[in-house]
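See below for the structure under consideration.
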Amino acid sequence: MTTFEAILLTIVTASTPLLIAALGELVTERSGVLNLGVEGMMAMGAACSFAAAVTFDSTLIGVMAGMMAGALMAALFALVVLGFAANQVGSGLALTIFGLGLSGLIGAPFVGARRDPVPPVDIPGLSDIPFIGRLFFEQDLFVYSSVALTILIALYLTRTRSGLTLRSIGENHTSANALGLPVLRVRFVAILFGGACAGLAGAYLALVYTRFWSPGMTAGRGWIALALVVFAAWRPGWLLIGAYIFGAATVLQLHAQAAQFGVPSQVLSAVPYLATILALLLLSLRHGRAVGAPGSLGAPFVPDR
Amino acid sequence: MFSRKLFGAFAGVALAALSASGAMAQAKDKIKVGFIYVGPVGDHGWSYQHDQGRQAIVKALGDKVETTFVESVPEADSERAIEQLARTGHDLIFTTSFGFMEPTLKVARKYPNIKFEHATGFKRAPNVSTYAAKFHEGRYIIGQIAGKMTKSGVIGYVGAFPIPEVIAGINAFYLGAQSVNPDVKIKVVWANTWYDPAKEGDAAKALLDQGVDMLAQHTDSPAPIQAAEARGKFGFGQASDMERFAPKAQLTAIIDDWSDYYIARAKAVLDGTWKSEDTWGGLAEHMVVMSPYKNMPDDVKKMAEETEAAIRSGALNPFKCPIYGQDGKEIECKGNGALSDEQVLGMNFYVKGIEDKIPQ
């Protein structure tokens, strides 16, 4: 394997958890709900997936547990913001703090345990193509799923009736309600989906990326995922690009240091953030019109009494 | 009228406080000891070892002591956490990261009756002691091992932040490597975080991708050494024994052992003999401990053990003069045949042979 290939492989691993978590949040936000609890749901996903994977010695069970944990946390959030129409920003922040704390408690017995790497899945034939073969067709299942998920969500949002319903509820929940669309039901499902994705991203961190669990291991990735959704102007395609730019900049700055380019490492550490902003700004400019948030984003919806 | 009464009440309280402070030097029956950790207790590294020290106090002093800790305290926002401990009746507070220095001093000024212990800092006050361990002694040993065992001739180092403590570690590591392999090259990558397993792992992978086959780390999670294990290369555990994460890759680990010091300081507060001082212990004082040497040929192991013994006996100082800066000029030798403690604690230059630049 050449150095260049190795670098690209690392970039893919660094970008995948961001992409998965951000995709879930994107769907939630397109339905008009702002969930700032991504970091907490991700931490829970990491802790529960690792705990389950070690206990049952199965990566698959671990992944399921991670997604389930994320979805359960999201259900709690949904109960508060949909059921009681509570403030979404406050509830989301509370969810993050709660999730980080609870994950520490759940994971405590598993501190110091380790898992073997998840083997990459070869796509026979394709992985033999020189250079791009290994890069694109010899990744772990998470990577394939994240790309597939991006495409499916893009198609769902733009090409299906149900996706249209979700978007219209996000744009204006009062009108949607007047038209007889099930605002709360759709939002509930969207929040659960977001939670499951955050949980999956956490599972990826714990089971593939680091292969051990320790408290606070998400280290702010949930917040980056949230920011990516905004930068991507709520579009799945741009999200994919944004996540990979971010991942690439993170990894490349480390390589630049190792190669002794002589640029201060603090500056290099800021590059991922600058690069993401810049790239998505350019994309947004090229698109030619301002792309904004869903109209009802963050506003509580109280059905007519 | 009312305000005069109030004034009287205040004066009474102030007097009571004064007399209480006069009694502070007396022995106590029971003390409360608080700890501030920069990472989670479960980081398997730096904060984990400090918590081992806390547990050692409990074990040694039993019901004469009550301990609490606050984990994952961000350095920028540590003042609140420290003050919280000060307000809740703690007699002795350990703040265990370099970045807690200014906040510790600030809170200490407000609470002159409480004793503070700041790890790895250099600023003291009448009620603030500092303590640190000579990790660079251990790093000299692992440098020798790396220098001896490298096949590619390039060794790597994942650093957290370019602060003197880390830079001194890199220099000691490199000097150790150079002492057995004059042509050895070193690559340094700064993660700019003490604790982010994924990023630390990526930093390690970047070094391994660029031809490094020996990996030292000065960040707190086992991710870098785990990356070395996954690539079939070698590494060294940081702060605690990381063998379970990298059974084939860990050659040895530099373990911080704070237990003896923490017990002694808690006892001093109990006895009323606590004084502000600066403690800097190494292998000889058992503050720095090397985990068993493994996965290496016998001759390398023998060399490592001999070096360890020489440092412990004082026969060898990793920063023995002459030491040359990157420009080839000799560094003024302010200690006794070696760099002085101040020079090591404030180290802000790379030694000759390191081709990188310290980020400013």
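When both residues are 6+ apart or on different chains and their Cβ atoms are under 8 Å apart, which pairs have a first residue that lies in region A:106-120 and is at the interface with another protein chain (Cβ under 9 Å from one of its Cβ atoms), and a second that is open to solvent by 60 Å² or more (accessible area, probe 1.4 Å) and modelled with pLDDT of 80 or more?
Between residues of region A:106-120 that are at the interface with another protein chain (Cβ under 9 Å from one of its Cβ atoms) and residues that are open to solvent by 60 Å² or more (accessible area, probe 1.4 Å) and modelled with pLDDT of 80 or more, the close pairs are A:Gly112/B:Arg244; A:Arg114/B:Arg244; A:Pro117/B:Ala230.
I'm checking my understanding of the structure. Among residues of region B:189-203 that are under 19 Å from the mean Cα position of the chain (by Cα) and in contact (Cβ under 8 Å) with a residue 40 or more places away in the chain, which one is nearest to the other protein chains (Cβ to nearest Cβ)?
This residue is B:Trp190.
Working only within region B:240-263, note down all residues that are open to solvent by 40 Å² or more (accessible area, probe 1.4 Å) and over 18 Å from the mean Cα position of the chain (by Cα).
Residues satisfying the conditions are B:Glu243, B:Arg244, B:Pro247, B:Lys248.
Just checking, does region A:213-223 include any residue being within 13 Å of the chain's Cα centre (by Cα) and open to solvent by less than 10 Å² (accessible area, probe 1.4 Å)?
Yes, because at least one residue in region A:213-223 is within 13 Å of the chain's Cα centre (by Cα) and open to solvent by less than 10 Å² (accessible area, probe 1.4 Å).
Does B:Ile358 satisfy the condition of being surrounded by 19 or more Cβ atoms within 10 Å (Cβ to Cβ) and within 14 Å of another protein chain (Cβ to nearest Cβ)?
Criteria met by B:Ile358.
Tally time: how many residues in region B:89-105 are charged (D, E, K, R) and touching a helix residue (DSSP H, G or I) at 6+ places or on another chain (Cβ under 6 Å)?
Qualifying residue count, region B:89-105: 1.
Quick one: how many residues across region A:211-242 are of a type in the set (Gly, Ala, Ser) and within 14 Å of another protein chain (Cβ to nearest Cβ)?
Qualifying residue count for the region: 6.
Of (1) farther than 27 Å from B:Ile186 by Cα; (2) β-branched (Val, Ile, Thr); (3) in the same structural domain as B:Ala146 (by TED's automatic domain parsing), B:Val269 satisfies all except one. Which?
(3)
Confirm whether B:Lys275 is under 19 Å from B:Gln52 (Cα atoms), open to solvent by 80 Å² or more (accessible area, probe 1.4 Å), in the same structural domain as B:Arg124 (by TED's automatic domain parsing) and out of contact with any Pro (no Cβ under 6 Å at 6 or more places or on another chain).
Considered against the rule, which asks whether it is under 19 Å from B:Gln52 (Cα atoms), open to solvent by 80 Å² or more (accessible area, probe 1.4 Å), in the same structural domain as B:Arg124 (by TED's automatic domain parsing) and out of contact with any Pro (no Cβ under 6 Å at 6 or more places or on another chain), B:Lys275 comes out as no.
When you scan region A:21-31, do you find a residue that is within 14 Å of chain B (Cβ to nearest Cβ) and either out of contact with any Leu (no Cβ under 7 Å at 6 or more places or on another chain) or in contact (Cβ under 8 Å) with a residue 12 or more places away in the chain (or both), even just one?
Looking through region A:21-31, at least one residue is within 14 Å of chain B (Cβ to nearest Cβ) and either out of contact with any Leu (no Cβ under 7 Å at 6 or more places or on another chain) or in contact (Cβ under 8 Å) with a residue 12 or more places away in the chain (or both).
If a residue has to be within 15 Å of the chain's Cα centre (by Cα) and open to solvent by 10 Å² or more (accessible area, probe 1.4 Å) to count, how many in region A:45-67 make the cut?
So the answer is 2.
Return a yes/no flag: does region B:89-104 have any residue that is open to solvent by 60 Å² or more (accessible area, probe 1.4 Å) and either away from chain A (no Cβ under 14 Å) or touching a strand residue (DSSP E or B) at 6+ places or on another chain (Cβ under 8 Å) (or both).
yes
On the given criteria, is B:Lys334 away from chain A (no Cβ under 14 Å), open to solvent by 90 Å² or more (accessible area, probe 1.4 Å) and touching a strand residue (DSSP E or B) at 6+ places or on another chain (Cβ under 8 Å)?
In short, no.
Mind checking which residues of region B:315-342 are at pLDDT 90 or above and outside any loop (DSSP other than H, G, I, E, B)?
Residues satisfying the conditions are B:Lys320, B:Tyr324, B:Gly325, B:Glu330, B:Ala338.
Only one of A:Ala275, A:Ala206, A:Ala201, A:Ala248 is small (Gly, Ala, Ser), more than 9 Å from every other protein chain (Cβ to nearest Cβ) and within 30 Å of A:Leu164 (Cβ to Cβ). Can you tell me which?
A:Ala201
Of A:Ile169, A:Ile153, which residue is under 19 Å from A:Ala232 (Cα atoms) and open to solvent by less than 20 Å² (accessible area, probe 1.4 Å)?
Residue meeting the stated conditions: A:Ile153.
Just the residues that are within 11 Å of chain A (Cβ to nearest Cβ), of a type in the set (Gly, Ala, Ser) and either open to solvent by less than 10 Å² (accessible area, probe 1.4 Å) or more than 15 Å from B:Val188 (Cα to Cα) (or both), please, taken from region B:204-238.
B:Ala204, B:Ala206, B:Ser221, B:Ala223, B:Ala227, B:Ala230, listed by residue number.
Kindly check whether there is at least one residue in region A:248-260 that is over 27 Å from B:Phe161 (Cβ atoms) and of a type outside the set (D, E, K, R).
No, the conditions are met nowhere in region A:248-260.
Evaluate region B:22-38: report whether one residue or more is within 14 Å of chain A (Cβ to nearest Cβ) and modelled with pLDDT of 85 or more.
Looking through region B:22-38, at least one residue is within 14 Å of chain A (Cβ to nearest Cβ) and modelled with pLDDT of 85 or more.
Taking region B:43-64 as the search range and keeping residues that are open to solvent by less than 10 Å² (accessible area, probe 1.4 Å) and at negative phi, which one is farthest from the chain's Cα centre (by Cα)?
Once the filter is applied, the top-ranked residue is B:Ile57.
Among the listed residues B:Glu285, B:Glu305, identify the single one that is farther than 19 Å from B:Tyr157 by Cβ, more than 22 Å from the chain's Cα centre (by Cα) and either within 14 Å of chain A (Cβ to nearest Cβ) or open to solvent by 40 Å² or more (accessible area, probe 1.4 Å) (or both).
B:Glu305
Report whether or not B:Val184 is open to solvent by less than 20 Å² (accessible area, probe 1.4 Å) and at pLDDT 90 or above.
So B:Val184 passes the test.
The values are calculated or read from the model by the stated rules, or taken from the named source; none is laboratory data. All values reported here derive from a predicted model rather than from experimental measurement. All Cβ positions, glycine included, derive from the backbone under ideal geometry; neighbour counts span all protein chains shown. Calculation scope for accessible area: heavy atoms of the full protein, side chains included, ligands and nucleic acids excluded. Shrake-Rupley method; radii C 1.70, N 1.55, O 1.52, S 1.80 Å.
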